[in-house]
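The structure under discussion appears below in the form of structure tokens.
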Amino acid sequence: MRRFLILLSLFFLTSCGRVNPDIKGELSENIERIVITNTRYAGRYTIIDKKAILRFKNKIIRANKASINSNLDPDFVFDFYSGNKRVASFKYIAKINDKEVANLIDEKGNLYNVSTTIEDEFIKRLLKVSKNENVPEYYVSAINLIIEKIGAKDSVIAVDLKKEVMTLRYLTSVDIKEIFEGINKNGVKVVLKDSTKNYDYLMILDTKKYSGNRVEAEITVVDNKGTKVLYKLEGNYKDKWEFFISFK
């Protein structure tokens, strides 16, 4: 019985520490620095400490192959350097907990899932949560208001976020997806534009100014006949968002 338990423990430890040979091959050279870049703003963090590099690298080479592509935009890019030569680069999508879903993608498009504990190495430096003050509430309140204005019911609204920069820079793709796809008013389903081609309305968001408790924005709504209506919003936050809305 004791021998069985020892063998079982060894098997468990070996499984937990299993190295991915494909990734290990990409990182076979001596890694001298790792540059982590936030894809939504010019935020960059460079790891040069040898112990930190080894710890980060050991997590990457233990990534498992993933079968599901989330199709979310990457939040970060990991670049590995030996001297001045970049030897490997990976795209990373934060906050994905499902081990079947890819959160790490190499330059060839191969899908992997790496432990989210890797975020402990950099996320607090590159995601300033305090900068997100009232952002989710702003989007939910503004979109619900527009849904009421256009009288949408039991329909699909695709949201275009290409012009959104200042309000999304400190959110992850998972955060963004959860904020918008969590909206459900009058049977209306809200989806991100890049995730579907079938929708009844297109809503183009353009936040002009945002300070956490004050916002100025333009929202263009296009129906399935191609008719466009542009709404101008000015809002203030006092326990909740209150908007003044006009047409342009």
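Each value in this text was obtained by applying a stated rule to the coordinates, not by laboratory testing. Given the structure is predicted, the values throughout are model-derived calculations rather than measurements. As a convention, Cβ positions derive from the backbone with ideal geometry for all residues, glycine included, and neighbour counts pool all protein chains shown.
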- What are the residues whose amide H is under 5 Å from the amide H of Ala63, where those residues sit 5 or more places off or on another chain and H is modelled from the backbone? Asn20
- Task: For the chain, divide the Cα radius of gyration by the Kirkwood radius and give the resulting Rg/Rh value with two decimals.
- Result: 1.08
- Normalised by the residues of the chain, what does the relative contact order come to in percent, with Cα pairs under 8 Å and at least six apart? 13
- Note on the structure: Using alpha carbon positions and the Kirkwood radius, the Rg to Rh ratio of segment 16-126 is 0.92
- Query: Cross-link partners among lysines for Lys128, C-alpha distance below 24 Å, same-chain residues fewer than 8 apart left out?
  - Reply: Lys59, Lys91, Lys95, Lys162, Lys163, Lys177, Lys208, Lys209, Lys238, Lys240
- Per residue of the chain, what 222 nm ellipticity follows from adding -39500 (n - 2.57) for every DSSP H run with n ≥ 4, rounded to the nearest 500? -7500 deg cm²/dmol
- Query: Do any of Lys153/Lys225; Lys193/Lys232; Lys65/Lys131 go past 24 Å between their Cα atoms, and which?
  - Reply: Lys65/Lys131
- Note on the structure: Given the candidates Val114, Tyr199, Tyr231, the one whose Cα lies deepest towards the positive end of the charge dipole of the chain, counting +1 at each Lys or Arg C-beta and -1 at each Asp or Glu C-beta, is Val114
- Message: Quick test of the membrane-span-like rule: which DSSP H helices of the chain reach at least 20 Å along their long axis (C-alpha atoms) with mean Kyte hydropathy at least 0.0?
- Response: 2-16, 135-150
- Going toward the positive end of the dipole of segment 16-126, with +1 on Lys and Arg Cβ and -1 on Asp and Glu Cβ, which of Ser67, Val87, Leu54 do you reach last? Leu54
